[in-house]
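The values are calculated or read from the model by the stated rules, or taken from the named source; none is laboratory data. Since this is a predicted model, take the numbers as computed values, not measurements. Cβ sites come from the backbone with ideal geometry, for glycine too, and all protein chains shown count toward neighbours.
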Amino acid sequence: MTSRSERPEKITKRENVISGFSLLNCRRAEPACHSQTYPELSFHGTELSVEYVSGHQACQQLCTMTLRCQFFTYVFRKMQCNQQGKCKCFLRMSANGSPDSIEAENEIVSGYSLRLCQTSKSPVCVQKPEKRSRVVGGSNSSVGEWPWQVSLHTMLPVQIHQCGGSIISDQWILTAAHCFEISILKQSEITNETTSFKIQKMIVHPKYEFSEAGYDIALLKLDRPLNFSALQQPVCLPSQEEINMEYTECWVTGWGYTKERGSIEDTLQKVKIPIIPNAECQSQYPDHMISDKMLCAGYSGGGKDACQGDSGGPLSCKFENSWYVVGITSWGEGCARPGQPGVYTNVAKFVGWILEQTLED
């Protein structure tokens with residue numbers, strides 16, 4: 001049947017009759033975004049894992065960051081919580097994306113992954129526009145090309161660029177622990193009128209000692225929320241199952257030196273570099289331990305790399321048309337030397353810690 005309005009002209013109740021609509025338009029519809037959570041309901045399905053987290057929001061974010069997770073159930077009964085006050089978060093999936101069954105239970109909250117929720121107000125990152133500690137062998141970036149990149153400044157007698165960082169939400173910046181207001185593409189364009197933000201709170205990973213020992217990661221809370229725009233957007237956090245993500249390209253960006261013993265660049269630099277296996281990286285740094293909490297990137301012949309001043313900035317990689325902060329520029333021997341790749345903090349190994357700190361605050 002058809003109608004001019006594409007809706008029934010009249011609705012009449014009848015016994016033993018079922019009516020409905022064509023599914024033709026569903027082929028073009030956007031996937032449903034289920035951001036609501038459901039207290040006192042338990043969602044059942046195939047169990048992927050059980051983790052301890054602080055609150056149902058952290059559980060939902062953990063599900064969002066886990067590639068195969070479609071829905072979750074957070075249980076906050078006393079017997080389901082540990083001594084630190086964290087409670088069980090059940091990550092689940094099903095053949096059709098919906099719970100196999102739903103049961104009413106006390107002290108429980110369930111909900112869905114937010115991976116399909118791509119809005120500026122969502123805690124899930126937005127896609128990078130289709131434009132295409134240090135950067136050597138790179139080229140100038142264009143305005144808005146890397147909208148999550150920030151410049152961290154220290155207030156000495158004069159304001160000066162110290163490190164890079166990445167916007168991961170409207171009030172949180174991800175950077176390196178060995179670093180410590182936000183700027184624009186060209187450092188020379190910073191004036192008293194330039195919008196800047198002060199740091200309200202700094203959280204360094206509790207296990208951090210020095211760059212080469214790992215855990216080189218820190219979070220900075222801004223004194224007020226950012227207003228997202230085409231020039232200022234968050235980058236995605238990688239899945240904790242990062243091993244299953246095949247990135248099509250990776251770039252390191254920053255205002256750092258373009259050669260050893262150089263100087264800070266005025267324009268944001270970018271360079272495309274490949275990730276290399278940790279075993280290969282370990283063979284090139286025999287005096288250091290390259291753990292799974294690190295990753296390495298660079299060319300065997302050198303020539304392209306991060307350098308001093310790029311520390312804390314992102315190693316950004318593309319997966320299914322979205323960009324992820326896969327690494328944080330941490331350390332290396334010199335800049336762009338042959339057989340000496342750059343070493344980065346492996347962000348996927350710290351997603352749980354990041355969510356715990358940013359959602360609890």
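Specify the residue that is modelled with the lowest pLDDT; the eligible residues are those in region 203-248 that are of a type in the set (S, T, N, Q) and buried (at least 17 other Cβ atoms within 10 Å of the Cβ). Write out each step before concluding.
Filtering region 203-248 down to residues of a type in the set (S, T, N, Q) leaves 211, 227, 229, 232-233, 239-240, 244, 248.
Imposing the further condition that a residue be buried (at least 17 other Cβ atoms within 10 Å of the Cβ) reduces the set to 211, 232-233, 239-240.
Details: S211: 83, Q232: 80, Q233: 84, S239: 72, Q240: 64.
For region 203-248, the residue satisfying everything is Q240.
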Of (1) touching a Lys or Arg at 6+ places or on another chain (Cβ under 7 Å); (2) part of a loop (DSSP other than H, G, I, E, B); (3) at pLDDT below 90, D292 satisfies all except one. Which? (3)
Restricting attention to region 75-113, which residues are of a type in the set (K, R) and in a loop (DSSP other than H, G, I, E, B)? R77, K86
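Any residue at all in region 154-162 that is modelled with pLDDT of 85 or more and closer than 21 Å to V325 by Cβ?
If we filter region 154-162 for residues that are modelled with pLDDT of 85 or more, which is where we start, we get none.
Looking for residues that are modelled with pLDDT of 85 or more and closer than 21 Å to V325 by Cβ, one finds none in region 154-162, hence no.
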Among the numbered criteria (1) at pLDDT below 90; (2) loosely packed, with under 10 Cβ neighbours inside 10 Å, which one does T37 miss? (2)
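Of the residues S166, S113, only one is closer than 19 Å to I354 by Cβ, at pLDDT 70 or above and in the same structural domain as M65 (by the TED database); which? Don't jump to the end; show me each part of the working.
Numbers: S166 fails: in the same structural domain as M65 (by the TED database).
That would be S113, the only listed residue that is closer than 19 Å to I354 by Cβ, at pLDDT 70 or above and in the same structural domain as M65 (by the TED database).
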Residue that is nearest to M93 (Cα to Cα) [pool: residues in region 46-64 that are under 19 Å from the mean Cα position of the chain (by Cα) and hydrophobic (A, V, I, L, M, F, W, C)]: C63
